[in-house]
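Scroll down for the structure; my scribbles are underneath it.
The values are calculated or read from the model by the stated rules, or taken from the named source; none is laboratory data. Every value quoted in this text rests on a predicted model; they were computed, and no experiment measured them. Note that we place each Cβ from the backbone using ideal geometry, even for glycine, and neighbour counts take in every protein chain shown. These accessible areas exclude ligands, DNA and RNA; they are computed on the full protein's heavy atoms, side chains included. Shrake-Rupley method; radii C 1.70, N 1.55, O 1.52, S 1.80 Å.
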Amino acid sequence: MEQFPADLKYTREHEWAKVEDDGKVRMGITWYAQDSLGDVLFVKLPDVGKHVSAGEAFAEVESSKAVSDIYAPVSGTVTGVNESLVEEPERINQDPYGAGWIALIEPDDPQELEALMAAEDYRSFVEAEG
């Protein structure tokens, strides 16, 4: 699996963000994050309709190692969540950039994405952390 897909943007808290064709931002946690957490056992999804600010904790992932907050990559309104994670939280481990996505956000300002890291910058950030 590609650990740093080039078409995504990344946060320092190890979330990824992708702008969909309709302008909404699909997000989840990165391969590095799920690998560090170990087996994901439970996901607390955000409420649809909730307004979030960039950097705000708005969801939670519980793993065999820890409970971790998930932070919004952009400010906006949560318009959808991945309900399948309630029954199958392991999807985050199996496919963090696909079936393991967490939420869709309608961004207040799409320009906020410019503040996030590109794949190469995130790769360097992870390598420096490790």
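Data overview
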{"item": "Cα gyration tensor shape for region 3-71, rounded if a/c is under 1.5, else prolate or oblate", "result": "oblate"}
{"item": "Helical mean residue ellipticity (222 nm; -39500 (n - 2.57) per DSSP H run of 4+; nearest 500) of the chain", "result": "-5000 deg cm²/dmol"}
{"item": "Those trypsin sites (Lys or Arg not before Pro) in region 1-35 that DSSP places in a loop and that have at most 16 other beta carbons within 10 Å", "result": "Arg12"}
{"item": "From the coordinates shown, Cα extents along the principal axes in Å corresponds to which of (i) 35, 33, 23; (ii) 45, 35, 25; (iii) 38, 34, 27", "result": "(i)"}
{"item": "Distance in nm between pseudo-label sites at Ala57 and Gln111 (7 Å out along the Cβ direction from Cα)", "result": "3.1 nm"}
{"item": "Solvent-accessible ranking of Tyr97, Tyr122, largest area first, probe 1.4 Å", "result": "Tyr97, Tyr122"}
{"item": "Heavy-atom surface of the chain, accessible at 1.4 Å and reported per residue (Å²)", "result": "50 Å²"}
